[in-house]
Amino acid sequence: GFAEVRKGTRKLNDPDVVKAAEYLQDIYPCFEEGALGTAYTEGKALFALGRGAMLEGGSADYAGFKQTNPKIDVGVVPFPAVDGGTPATVTGMQDTFSVNSKSAHPDEAIKFIQWLIAPEAAQMVADTITLSNTVGVAPSDNPVMMQMVQASHSNDVRVWYEFPETGDVFAAVQQNAAALFLKKMTPQEFADKLQAAVKPSGG
């Protein structure tokens, strides 16, 4: 699906994709009252304090949950799919390590980065802030993060705003999701807005 959307051979307003927008509209009554007016950070805090049953979030959120409520007890599932689909997660927003070409000590800097991305350092990072930057490295004793790793094996895709073809889709969702949830826009109209934001590569 996603590769075809980028090429333009698949569209976000195709009938089977519109079903996903219908699904979003259908589940809105299950949201917390006032959800559309709740800031992201406030929503995270409310969830961590047990004031919400579910929260769409990522692995980067977990450390903040633990800071807010050290006794938090949560589980992880990939986002559910419409009939016939596969539950999915998204991956992305990775940072990069680099060495300045004008560094006085390029060899030492490169050696440090090589250590930083090796399993030993990656395990230290994973055990400290519960995030891993190395494939196959997860927190030593953290069942929640293990669940996140397991969930990512279901149907993991990159975040769309990392790609030039779909970079504007996220903004289109932000601008139109409230109208979809409040039924001021049909699922088809919502899907049309998202498709209009795609810049197919044609490749």
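Here, each number is a calculation from the coordinates, and none is a lab measurement. Small disclaimer: the values here were computed from a predicted structure and weren't measured. Please note: Cβ atoms are built from the backbone with ideal geometry, for glycine as well, and neighbour counts cover all protein chains shown.
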Original post:
So which of Lys44/Lys66; Lys19/Lys184; Lys7/Lys183 end up more than 19 Å apart, counting from Cα to Cα?
Top reply: Lys7/Lys183
**OP:** Only Cα pairs under 8 Å and at least 6 apart count here; give the relative contact order of segment 1-83 as a rounded whole percent.
**Re:** 24 percent
Subject >> Top positive-direction residue, dipole computed over the chain with Cβ charges, set Asn142, Phe97, Met124 >> reply: Phe97
**OP:** Please find the FRET efficiency linking Ser98 to Ala178, where r is the Cβ-Cβ separation and R0 is fixed at 45 Å, and quote it to the nearest 0.05.
**Re:** 0.70
**OP:** With runs of 4+ DSSP H residues as the only contributors, calculate the mean residue ellipticity of the chain at 222 nm using -39,500 (n - 2.57) per run, divided by the residue total and rounded to the nearest 500.
**Re:** -13500 deg cm²/dmol
Original post:
Normalised by the number of residues in the chain, what is the relative contact order in percent for Cα pairs under 8 Å and 6+ residues apart?
Top reply: 30 percent
Original post:
How do the peptides 10-19, 185-194 rank, highest first, by the average count of neighbouring beta carbon atoms within 10 Å per residue?
Top reply: 185-194, 10-19
**OP:** Evaluate the charge dipole of segment 54-203 about its Cα centre and quote only its size in Debye, nearest 20, assuming +1 on the Cβ of each Lys and Arg and -1 on the Cβ of each Asp and Glu.
**Re:** 320 debye
Subject >> Stokes-Einstein D for the chain, Kirkwood Rh over Cα pairs, 10 °C, 1.306 mPa s (µm²/s) >> reply: 81 µm²/s
Subject >> In Hz, Karplus ³J(HN,Hα) per residue of segment 178-194 (6.51, -1.76, 1.60; θ = phi - 60°; x = Gly, Pro) >> reply: 4, 5, 5, 4, 8, 6, 8, 9, 7, x, 5, 5, 4, 4, 4, 4, 5
Subject >> Zone residues, segment 179-203, relative to Asp26, backbone N less than 20 Å from point 7 Å out along Cα-to-Cβ >> reply: 179-192
**OP:** Using a Förster distance of 45 angstrom, determine the FRET efficiency expected from the C-beta separation of Ala3 and Thr68, and round it to 0.05.
**Re:** 0.75
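Can you give the extra length, in nm with one decimal, that the chain gains between Glu189 and Ala35 once fully stretched, where that is 0.36 nm per residue apart less the Cα-Cα distance? Don't skip to the end; give the middle numbers.
On the way: separation 154, 0.36 × 154 = 55.44 nm, distance 2.20 nm.
Roughly 53.2 nm would be gained on extension.
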**OP:** Scan around Thr91 for amide H atoms under 5 Å from its own, H built in the peptide plane at 1.01 Å from N, and keep only partners 5 or more places away or cross-chain.
**Re:** Val157, Arg158, Val159
**OP:** Would you mind calculating the gained length between Glu56 and Asp14 on full extension (0.36 nm times residue separation, minus the Cα-Cα distance), in nm to one decimal?
**Re:** 12.6 nm
**OP:** Working from Cα positions, state the angle (0 to 90°, nearest 10) between the long axis of helix 143-155 and the longest principal axis of the chain.
**Re:** 60 degrees
Original post:
Which whole-angstrom value gives the distance between the alpha carbon centres of segment 13-59 and segment 60-101?
Top reply: 15 Å
